[in-house]
1. What pairs come out if I take residues in the range 185-214 that are of a type in the set (Phe, Trp, Tyr) and pair them with residues that are assigned to a loop (DSSP other than H, G, I, E, B) whose C-beta lies under 9 Å away, six or more apart or interchain?
2. Which condition number in (1) in the same structural domain as VAL395 (by TED's automatic domain parsing); (2) in contact with a helix residue (DSSP H, G or I) (Cβ under 6 Å, 6 or more places away or on another chain) is the one that LYS156 fails?
3. Do we have VAL421 as out of contact with any helix residue (DSSP H, G or I) (no Cβ under 6 Å at 6 or more places or on another chain) and farther than 21 Å from MET290 by Cβ here?
4. Filter the range 325-334 for residues that are aliphatic (A, V, I, L, M) and surrounded by 23 or more Cβ atoms within 10 Å (Cβ to Cβ) and give the result.
5. Go through the range 338-367 and give me each residue that's within 26 Å of PRO320 (Cβ to Cβ), of a type in the set (Gly, Ala, Ser) and in contact with a His (Cβ under 9 Å, 6 or more places away or on another chain).
6. Restricting the range 158-217 to residues that are at pLDDT 95 or above and among the basic types (Lys, Arg), which is farthest from the chain's Cα centre (by Cα)?
7. What are the residue pairs meeting all of these: first residue in the range 221-246, first residue touching a residue at least 40 places away in the same chain (Cβ under 8 Å), second residue part of a helix (DSSP H, G or I) and among the hydrophobic types (A, V, I, L, M, F, W, C), Cβ atoms under 6 Å, and 6 or more apart or on different chains?
8. For residues in the range 135-154 being basic (Lys, Arg) and part of a helix (DSSP H, G or I), which is farthest from ILE280 (Cα to Cα)?
Amino acid sequence: MIDIKFVRTNPEVVKASQVARQEDPNIVDELLRLDDKKRAVRQEFDELRRQQGEIGKKIAALSGDEKVKLLESVAELAKQVSDAKDAVAKSEEEFDDTMLRIQNVIEGAPSGGEEDFVVLKEVGERNTEKSMGFKPKAHWELGEALDIIDTKRGSKVGGSRFYFLKGLGARLDLGLANMALELAVENGFTPMITPTLVRPEIMRGTGFIGRHDSEVYRLGGEDDSYLVGTSEVALAGYHQDEFIEFPEANGGLEALRYAGFSACYRREAGAAGKDTRGIIRVHQFHKLEMFVYCPEERADEEHQRLLKMEEQMIRDLELPYRVIDTAAGDLGSSAARKFDCEAWLPSENRFLELTSTSNCTTFQARRLNIRTKSADGNKTVATLNGTLATTRWIVAILENHQQPDGTVIIPEKLRPFVGGVSLIEPPTTKGVNGK
């Protein structure tokens, strides 16, 4: 959540952010009204408690009728205190519910919706039928012909948008994760294998409950937990209710950097008719996610660090790509700014998001009560996240590195992570049912 002190002193800034996100700005006025109400009710409760304490002291020194009379007034005052306590709880609940509906204040993101992004740069030549010398196949065609992606049996076993990765398909998925992990470790990240089930308060703290309800899987009943769509959730909750001590280096405070690997689950609600073939929009996939805790003043610098690492990974895989500044209306509720790296898909003549990196400023840490001690007192830390590899990257590799004979060249820097294999070829022997 955002800092209520910031809202009190900068209401127009928060309203402008809501407008840029294409959200209701009037909720800011409602929050301020509830803030005033909460403080007034709290003040009334504190005054009644003070009076109650004073009367309690007087009773000890009295006797007879005076004591009886005062005890009668104490009973009436006790009821007023109880009612005021209930009013405080109700006002705080109303305030908290409204506060949770206000999204993070954007920092530099362009206004508008999904299509209003700004292209910051494009790297590499787009592969086309003309430049490749043949009509490129879609990744699902290649995956089936090479016998490394099996969506038919995936649907049979798990339902629509499930799949099997087979042979070099599985090795590509794990190889990408290990390649990304090596890059992360080289850059000071601590490897983590994270839980894929988390408690509701962790999901709420990261901003994934609310407008994203339809995207997440929830286990009901006694379990009452969520399947994560990214290890960002677990890594954000890792230091919940803690004071972080940042290590010192180079004359200043360093960040805490984690690289979490996990299976991820998304309902893909609202994706009907979109990318129904292949492994672009699926319910389960693997991801290597970077997550950073840092002093608030370091957040922009860390954001650029994450973006630089994502670009290095994409360049090492020899993929043409572009970087976009995501528009405010397409940001997650926690993000103040987000950069996406999108790879070119020659079969569809379009770009496909491979990575995103978000600066969540203090929004998540404030919800999760994660702070650091400083000379100026206790401060809420900033959190950032960024994707370094996912199963989806296989799509871009297959499409951009396919050859006229149907084989696919594995990028040189990925080969050590797939057993040294340099070429994916169609199977030479038939398996079950001639596959």
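1. Short answer, once both residue conditions are applied: PHE208/VAL216; PHE208/VAL228; PHE208/GLY229; PHE208/THR230; PHE208/GLY332; PHE208/SER333; PHE208/SER334.
2. Among (1) in the same structural domain as VAL395 (by TED's automatic domain parsing); (2) in contact with a helix residue (DSSP H, G or I) (Cβ under 6 Å, 6 or more places away or on another chain), the lone unmet condition for LYS156 is (2).
3. yes
4. ALA328
5. Passing the criteria: SER347, SER358.
6. So, considering only residues that are at pLDDT 95 or above and among the basic types (Lys, Arg), the one farthest from the chain's Cα centre (by Cα) is LYS166.
7. Hits for this filter: GLY237/ILE202; GLN240/LEU368.
8. ARG153
The values are calculated or read from the model by the stated rules, or taken from the named source; none is laboratory data. Small disclaimer: the values here were computed from a predicted structure and weren't measured. Don't worry about glycine lacking a Cβ; one is built from the backbone with ideal geometry, like all the others, and counts go over all protein chains shown.
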